[in-house]
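Since the structure comes first, as structure tokens, the remarks are kept for the end.
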Amino acid sequence: MKNIKNFIDGKLVDPISKQYIENIEPATGKVYGNLPDSKKEDVGVAVDAAKAAFSVWSKWPVQKRSDVLMKWADLIDANKAEFIEAESRDNGKPMKLAAHVDIPRASANLRFFATAIIHYASESHKMDDVAINYTLRAPIGVAACISPWNLPLYLFTWKIAPALAAGNTVVAKPSELTPMTAFLLSKLANEAGLPSGTFNIVHGYGHHVGQAMTEHPDVGVVSFTGGTETGKKIASTIAPMFKKYSLELGGKNPNIIFSDADLEDAVKTSVHSSFANQGQICLCGSRIFVQSEVYDQFVEQFVSRVRRLQIGDPEDDATQVGALVSKAHLEKVEGYIQLAKEEGGTILFGGQRPIVAGRCADGYFLTPTVIVDLDPYCRTNTEEIFGPVVTITPFETEEEVLAYANGTPYGLSATVWTDNLKRGHRVAEFLKMGIVWLNCWLVRDLRTPFGGMKQSGVGREGGLEALRFFTEPKNVCVKY
Ligand code: NAP
């Protein structure tokens, strides 16, 4: 059994209540450990520690903070085999994916913000011969960082790295479904050189720990990634307290294929953008729109590739599709497949639980599912499913597909396939999304603003946006 502890004030500790939550391996459906079922009292102790550490950490020279974060990144790399195995086991994702994406990106996040803070500069504004203004940017204090289960360490470090680099101290909570790699990271914090209390993790349920973190009067800034409903709840707690917050929420991303696109590339990448991480990436393109001239061709080639995807044990090197994160989530996704049928959809492929032999026989697997014949504005096409399910819909004109693409409450990302450069730029401009990929998907430059419009979020992460978010600007005006 693998047992997890909280990390508070530089020490691994049990929850005050001594109550625990079972940790289940999604690929087997079996309990393989437990984690603290922490409560408000644990959050209180962690916030006190973070508050005390702020006066130390925020005054450290920037270079010294940077060195510590760089060392932490090195320690992830030095222990990468353990991190990769843990991420795959906790989440159900193929180990190969954790090895190529999740874990390298976690250390890259730490390095990115460790170096970005060294080059960070604030603005000055000269007023002719009257005065000069300069902007001071100070860390805020205790930052609450709350992350989801789909890319556990990747998104956890994406938050804590800029918060710490900017000089804040942190109380963090990973999803209770995938706490293991955050726990492993906490075990390396002292060796990296983080002063006690600078970084704390309180494990447990969102409605206990997450809620207590956002409500705590000594938490000055909240960075959250998760579902839109949770985001609404958090915003309603924080807004009257006038804390700073950033919300990275759900999506229902369109993937638009014009008839002049490189079809082979579009098909190949679309299979990946539909089913990578079992479709559980907020940026996955779950609504595919194909111009009618190439619709039949696209559908045939797409289904033929999906048919060949290898579903199986995440530990197996050949596996491309692993398990969904939990039984409850599997059932939610299956509920949407049933809804699609009721809404008149035709299941072209998938939609069932596959038979996975051996140790994974009771795992939470679902065959990648391709659905056609749905109205572009039906519930299946406008609500977030967040699983291995895509719909394909034909369109005739640019105007029509823009209306479909923008026709949901979400606005996170979009992918557009066309060889017409002018059209590509035009469509990108009219899409109400925070991120648009032209002829590619998930190509990420960490300097760019990351986040969504409409119900996909508030604020942006990444690059300077993140460092600005975790600091409070102050204008100083000096008369000549
Ligand atoms: P979630 O249920 O909203 O949970 C996210 C985190 O919030 C978890 O740690 C959760 O703890 C915690 N939480 C729950 N209730 C809370 C409360 N009242 N106060 C504070 N924290 C609370 O989301 P999820 O199911 O883990 O993740 C999937 C969702 O995340 C999808 O909608 C996906 O689109 C979105 N996502 C968005 C992005 C982006 O960048 N926009 C990236 C990745 C994922 P528990 O685990 O204990 O509930």
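The values are calculated or read from the model by the stated rules, or taken from the named source; none is laboratory data. Just so it is clear, the model here is predicted, and its values are computed rather than measured. Cβ: placed from backbone, ideal geometry, glycine included. Neighbour counts: every protein chain shown.
Descriptive notes on the structure:
- So SER58, is it under 22 Å from the mean Cα position of the chain (by Cα) and either modelled with pLDDT under 95 or surrounded by 15 or more Cβ atoms within 10 Å (Cβ to Cβ) (or both): no
- Test: residue in the range 22-40 that is assigned to a helix (DSSP H, G or I) and touching a residue at least 24 places away in the same chain (Cβ under 8 Å): yes
- Close pairs (7 angstrom Cβ cut-off, 6 or more residues apart or separate chains): in the same structural domain as VAL321 (by TED's automatic domain parsing) and hydrophobic (A, V, I, L, M, F, W, C) in the range 268-284, assigned to a helix (DSSP H, G or I) and more than 15 Å from the ligand (Cβ to nearest atom) anywhere: VAL271/PHE302; VAL271/ARG305; VAL271/VAL306
- Any hit, the range 430-437, residues being more than 16 Å from the ligand (Cβ to nearest atom), in the same structural domain as GLN338 (by TED's automatic domain parsing) and under 29 Å from ALA323 (Cα atoms): no
- Condition met for ARG287 (crowded, with 18+ Cβ neighbours inside 10 Å and either among the basic types (Lys, Arg) or touching a His at 6+ places or on another chain (Cβ under 6 Å) (or both)): yes
- Filter pass, LEU412 being surrounded by 17 or more Cβ atoms within 10 Å (Cβ to Cβ), in contact with a strand residue (DSSP E or B) (Cβ under 7 Å, 6 or more places away or on another chain) and under 22 Å from GLU248 (Cα atoms): yes
- Put simply, of TYR295, TYR245, TYR336 the only residue that is over 20 Å from ILE371 (Cβ atoms), at pLDDT 95 or above and aromatic (Phe, Trp, Tyr) is TYR245.
- Residues of the range 193-231 classified as assigned to a strand (DSSP E or B) and more than 7 Å from the ligand (Cβ to nearest atom), total: 8
- Top-ranked residue in the range 253-284 [being within 15 Å of ASN150 (Cβ to Cβ) and not in a helix (DSSP H, G or I); ranked as nearest to the ligand (Cβ to nearest atom)]: CYS282
- Scope the range 339-353; condition loosely packed, with under 14 Cβ neighbours inside 10 Å, of a type outside the set (D, E, K, R) and either within 15 Å of ASP373 (Cβ to Cβ) or touching a residue at least 40 places away in the same chain (Cβ under 8 Å) (or both); matching residues: GLY344, THR346
Okay, residues lined up against (1) crowded, with 24+ Cβ neighbours inside 10 Å; (2) more than 25 Å from GLN280 (Cβ to Cβ):
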| residue | (1), (2) |
| --- | --- |
| ARG137 | no, yes |
| PRO162 | yes, no |
| ALA165 | yes, yes |
| LEU177 | no, no |
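- Of the residues screened, ALA239 is one that is within 14 Å of the ligand (Cβ to nearest atom), part of a helix (DSSP H, G or I) and surrounded by fewer than 24 Cβ atoms within 10 Å (Cβ to Cβ).
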